[in-house]
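The values are calculated or read from the model by the stated rules, or taken from the named source; none is laboratory data. This structure is a prediction, so every number in the text was calculated from the model and none was measured. All Cβ positions, even for glycine, are placed from backbone atoms using ideal geometry, and neighbour counts span all protein chains on display. Just so you know, the surface numbers come from the protein's heavy atoms only, side chains and all, with ligands and any DNA or RNA stripped out. Shrake-Rupley method; radii C 1.70, N 1.55, O 1.52, S 1.80 Å.
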Amino acid sequence: MPMEKTFDATEAEARIYAMWEAMGAFRAGANASRAETFTIMIPPPNVTGSLHVGHAFNNTLQDVLVRWKRMQGYDVLWQPGTDHAGIATQLVVERQLAKAGNESRAEMGREKFLERVWEWKAESGGNIRNQLKRLGASCDWDREAFTMDANFHDAVIKVFVDMYNKGLIYRGKRLVNWDPHFETAISDLEVENVEVAGQMWHFKYLLAEGATYIYVEKNQDGRVTLSEERNYISIATTRPETMLGDGAVAVHPSDERYAPIVGKMVEIPIANDDGSFRQIKIIHDDYPDPTFGSGAVKITGAHDFNDHEVARRHGLTMHILMDTKGNMVSHDAPDNIVPTRYRGLHRFIKDGIPGARELAIAEINARGRAVTRRSGFTPTPADDIADTGGVNPALQVPYVEDKPIMQPFGDRSKVVIEPMLTDQWFVDTAKIVGPALDAVRQGRTRIIPESGEKTYYHWLENIEPWCISRQLWWGHQIPVWYGPTPQDGYDFNRDYDLTSNYKYAFCGATFEEAAKSAELRYGPRVFEVSSKEEAEAFRGFEVPLYRDPDVLDTWFSSGLWPIGTLGWPNWTEDTKKYFPTDVLITGSDILFFWVARMMMMQLAVVEQEPFHTVYLHQLVRDEKGEKMSKTRGNVIDPLDIVDQYGADALRFTMTQMAAIGGVLKLSEDRIKGYRNFGTKLWNAHRFAEMNGVFDGPRPTEPPHPTQTVNNWIIGETSKTLAEVNEALTTYRFNDAANALYAFVWGKVCDWYVEFSKPLLQGDDTTHKPETQQTMAWVLDQCLILLHPIMPFITEELWGQTDRPKPLIHTDWPTYSDLTDPKAHQEMTWAIAMIDNIRSARAQMNVPAGLYVPVLQLNADMAAQNAWAKNETLIKRLARIESLTPTTTVPKGAITVATPGATFAIPLAGIIDIAAEMARLTKAHEKLTKEINGLRNRLNNPNFATSAPPEVVAEAQTNLTARQDEAAQLTGAMARLAELG
RNA sequence: GGGUGAUUAGCUCAGUGGUAGAGCGCUUCGUUCACAUCGAAGAUGUCAGGGGUUCGAAUCCCUUAUCACCCACCA
């Protein structure tokens, strides 16, 4: 049955993928003919996720490598799987519950809620897998892993316990980024700063007991610009509500303005419940910048990262002002410093309800402790902010503020992050960072592009402790149980997050394990309870231990992805065989989140690098270079592309654009272009089929034909193989795709198929069969070489004939350079001649279909030979009727100069002499320019002595050739001039 | 503030010392003869500006400008 005119991607892709799966084509070790392994771990997408263009790009590149290596006979494992994605997943399920009007998470309790999450995972966790399949991803799906699988969980817990026992994990009260919406700590890396128009307020902090000082301000020349007696220090802040927790006011030691009052006390301008004002000290610290604001900074140790450092240096009390929801704390504990009227208020205006900030401003304003603007400040209309709630606008200064926002990953909401002083678990990264740095520095792991290494060093060399606890339910629960501290009694009645109440911690993979160490302290009286409330209820009985309710940061578990998916902590056959893996392919945006952590953790756990190469690919943007986002409405859904143009077109486009570095701007026009490429390949096969090329057996070895064209295309094929190998070895995916595009379209279709027509369509008993054989072989090579990038259409074309194996398991070729130098030279000449004749004809408006007689004025041996051997082909492609040697050129002929030969096409009456003269002049000018350039180089004595000989020789050859051509043109112009 | 990278054809981008490239778009011509998802021909460049190294620079160095991203951030 003859082939269809085009490839039906939708129908064929599903059928072919099913065929591959049915035969187990993707299984680890499938088609392995050698012992070496090649392992890639998929960067696990969120289990909540659906495929976006970033995934499509990332997985296309992985699949290209995997298919290439599999065809080469490596024992290939591409390990798929998904990440449980703590926050994102918990949120999805919570929203679902709310939507369905179910009990909330809090109402249903931890156990029941987790059941719901697992149910949800079972229902929709497989979406992304099916989407990856549509792309053609050849993962070993039988091994699909999940970061909450039982074995993976064991690995995670074991690592926690080991690291805990080695002192690499500790619990501490630290200032962390706090998400008041989810009420959990988040990683520094998850915070994104967004510029917003904010305000800065200036307030007077009065000196205690009516003290005064002379405030002197100087300009840069040291001249006094202001000198007055003051009883206050001016403090600027963007967050007035935090002044309730101030521990001091800091000024820079070099700041002369405040030298007289350092060490004195000032009053916080918000009254305590009893009407008094809390007093704090003015201290010296290097942190304040004397040139910014008033140069004096209020220090709120519990709610600002910089202030926190200052407070620690000076041993200041850190007053916690807010609860886990971002409201002012309302409990009655004696250490609550918040005045009664502020308790329970949100920290700032929300839903139109004024919060602590607005109340504070109003009170301060009423007391006249706002600082009016100093001279030199010109108010603008923007200063009159609408929602000031009766506040004197004079004391507000507009200010561009960087607000920390929860990074808008997936479904997470944007919420302003609050620095919070809480008890959290940390990895002491400084202790494990060394091997991860050395691995890259010493080249055991290479990062591509190299700039990634610099970024990697920069971050790791300045690494901060890693907060790994999250106040969520969905995730790996921290394997630590708390027991009572004897001196505190059984005191669990304080707020878990907001107190420094120490509890004895016992770590173990299971309760039994943790209990063993607990018994060393308490004796054999411990038992497990499910919560601290329950522990409280058992006060006075035996010793109740309750498990830390927090879970581990998702990145802590995904940091173990390479080894955890391979069976570790057991050293299984798989672990031994496939670990360490080979290459990690991922976006540069998760270099710190994930790559650096995998390096640190694998090295800490098994002292091996998890992979030898990290390829950081571009981030995908829209055609304008903007991030794709739902709000911008510029999202390209890769599955829409697959539906419309087929997976191969998308894959080829992405591969072709995968240059090293930069961003990838995806546009639909390109995809369309590469869909056309598939059609072109398809039609070349159609041509072959119609010409009996596939009638005989397919040659598996390069044929040895007699015809120049056949030898030529075999040589070109071998060059392409070398280019593709080189490109993929060096991760230059775009080079591989471009080499194939240029070969298949530019060489095979544009020239070889055309050249082959007279041979195939004649009935010569040697030329025809050898051309059929050669074309069959060449087209097979096209399919093989393209398969890693365009697996579907190539497999479909491969299957047009009976084959021993499907293409996916066909051996990647190993032949080396098959170029026949004579064939190469002849074809180069023939192509140049055809190009030149076509060009001259087109420019002189010779009808395209018209066969013309051509006169040969002169030709060197090579040219004569090339003509003689390929006369039929050249005549057909250049539309030449006959070639006649001659010494005289008739009137009204156009001249065509070609390497080593000059031709004339007599076109009396057809041509326009002026146009021909213009054409020749233009060509001559171009040549002259080149000749001058070459001559200047060669005439420079330093060139001959300094440049490599082959460069000099090449320049000389080029010069001779150009001069030759120019001379021919000059002759033609002279003849033409005689006519005119 | 620190870091990294970018600036090449109308557009999107390759190109790490040896005659400036691709795709798309554009212009002209052309469909019985694999393919109009096509073919043939053509036009288009101070390789951001300035300086330096070199026989030779889009490429290496310095500098200026603009832009992008990452990290840290001024209360």
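Over the C-alpha trace of segment A:289-341, radius of gyration and Dmax come out as 13.4, 41 angstrom. For a modelled paramagnetic label at A:R312, 7 Å from Cα along Cα-to-Cβ, the residues of segment A:436-480 in reach, with backbone nitrogen under 17 Å, are A:462-469. Need one word for segment A:855-978: rounded, prolate or oblate. Basis is the Cα gyration tensor (sqrt eigenvalues a ≥ b ≥ c); a/c below 1.5 gives rounded, then a/b vs b/c decides. Oblate, because a/c is 1.5 or more while a/b does not exceed b/c.
In this label model, A:D695 and A:E183 are separated by 8.1 nm, measuring between points 7 Å along each Cα→Cβ vector. Between A:H612 and A:F943, the C-beta separation translates, for a Förster distance of 45 Å, into a calculated FRET efficiency of about 0.55. Backbone amide hydrogens, once placed in the peptide plane, bring A:Q608 within less than 5 Å of A:L603, excluding anything fewer than 5 places away on its chain.
Of A:S254, A:S104, which has the most accessible area with a 1.4 Å probe, and how do the rest follow in descending order?
Order by accessible area, largest first: A:S254, A:S104.
Pairs of lysine residues in segment A:834-980 that meet both criteria, 8 or more places apart or on different chains and Cα atoms under 30 Å apart, total 6. Taking every protein chain into account, the accessible area of chain A amounts to 43 square angstrom per residue (probe 1.4 Å). Using C-alpha pairs under 8 Å with a sequence gap of at least 6, the mean separation divided by the residue count of segment A:700-809 gives a relative contact order of 28 percent. The amide H of A:F527, built 1.01 Å from its N in the peptide plane, has A:V543, A:L545 as neighbours under 5 Å, considering only residues 5 or more places off or on other chains. Considering the dipole of chain A built from charges on the beta carbon (Lys and Arg +1, Asp and Glu -1) around the Cα centre, which of A:T48, A:P697, A:A185 is farthest to its positive end? Checked the options; the winner is A:P697. The C-alpha atoms of chain A define a longest principal axis, and helix A:913-939 lies at about 70 degrees to it.
3J(HN,Hα) along segment A:827-832: 6, 4, 5, 4, 5, 5 Hz, from the Karplus curve 6.51 cos²θ - 1.76 cosθ + 1.60 with θ = phi - 60°, whole Hz, x for Gly and Pro.
For the residues A:H612, A:H787, A:H346, a 1.4 Å probe over the protein chains yields an accessible-area ranking, largest first, of A:H612, A:H346, A:H787. Note on chain A: with charges restricted to the Cβ of Lys and Arg (+1) and Asp and Glu (-1), its dipole about the Cα centre is near 1720 debye. Here the average projected area of the convex hull drawn through the C-alpha atoms of segment A:751-878 stands at 11.0 nm². In terms of accessible area, using a 1.4 Å probe and ignoring ligands and nucleic acids, A:K204, A:K298 rank largest first as A:K204, A:K298. If I compute solvent accessible area with a 1.4 Å probe over the protein chains, what percent of it on chain A is carbon and sulfur? For chain A, the apolar C and S fraction of the accessible surface comes to 50 percent. Annotation: A:E11 carries an accessible surface of approximately 90 Å², with a 1.4 Å probe and no ligand, DNA or RNA atoms counted. Tell me whether segment A:73-113 comes out rounded, prolate or oblate; compute the Cα gyration tensor, take square roots of the eigenvalues as a ≥ b ≥ c, and use a/c under 1.5 as the rounded threshold. Taking the square roots of the gyration eigenvalues as a ≥ b ≥ c, segment A:73-113 is prolate. Computed from label points 7 Å out along Cα-Cβ, the spacing between A:E217 and A:S50 is 5.7 nm. Here the calculated FRET efficiency for A:R230 and A:A259, from their Cβ-Cβ distance with R0 = 22 Å, stands at 0.95, rounded to the nearest 0.05. The convex hull of the Cα atoms of segment A:97-238, projected and averaged over all directions, covers 20.8 nm². Distances between every pair of Cα atoms in chain A, grouped in 20 Å steps from 0 to the bin holding the largest one, split as 11, 30, 28, 18, 11, 2, 0 percent.
Projecting label points 7 angstrom from Cα along Cα→Cβ for A:A967 and A:R95 puts them 7.8 nm apart.
Using a probe of 1.4 Å on the protein chains alone, the accessible area found for A:D802 is around 150 Å². In percent, rounded to a whole number, the relative contact order of chain A is 12, using alpha-carbon pairs under 8 Å and six or more apart. Projecting the Cα atoms of A:L855, A:L77, A:I261 onto the charge dipole of chain A (Cβ charges, centred on the Cα centre) puts A:L855 farthest toward the positive pole. Secondary-structure-derived ellipticity at 222 nm for chain A, considering helices only, amounts to -13000 deg cm²/dmol, per-run term -39500 (n - 2.57) for DSSP H runs with n ≥ 4.
Looking at segment A:506-569, the GluC sites (Glu not before Pro) that sit in a DSSP loop and have at most 15 other Cβ atoms within 10 Å of their own Cβ are A:E542. Charging the Cβ of each Asp and Glu at -1 and of each Lys and Arg at +1, and nothing else, the dipole of segment A:283-333 about its Cα centre rounds to 80 debye. Ranked by the mean number of other Cβ atoms within 10 Å of their residues, highest first, the peptides A:604-610, A:803-809 come out as A:604-610, A:803-809. Taking the Cα centre of segment A:47-135 as reference, the dipole from Cβ charges on Lys and Arg (+1) and Asp and Glu (-1) amounts to some 340 debye. Along segment A:28-35 the Karplus relation, 6.51 cos²θ - 1.76 cosθ + 1.60 evaluated at θ = phi - 60°, assigns HN-Hα couplings of 3, x, 4, 6, 6, 10, 9, 7 Hz to successive residues, with x for each Gly and Pro. Taking a straight Cα-Cα cut-off under 27 Å and skipping sequence neighbours fewer than 8 places away in the same chain, the lysines within cross-link reach of A:K264 are A:K204, A:K218, A:K281, A:K298.
The order of the peptides A:715-728, A:951-964 by mean Cβ neighbours within 10 Å, most packed first, is A:715-728, A:951-964.
With a Förster radius of 35 Å applied to the beta-carbon distance between A:N936 and A:Q825, the computed FRET efficiency rounds to 0.75.
Straight-distance candidates among the lysines for linking to A:K99, with alpha-carbon spacing under 19 Å and chain neighbours fewer than 8 residues away dropped: A:K112, A:K121. For A:S667, the solvent-accessible surface with a 1.4 Å probe is about 20 Å², rounded to the nearest 10. The relative contact order of segment A:667-742 comes to 18 percent, based on Cα pairs under 8 Å that sit 6 or more residues apart.
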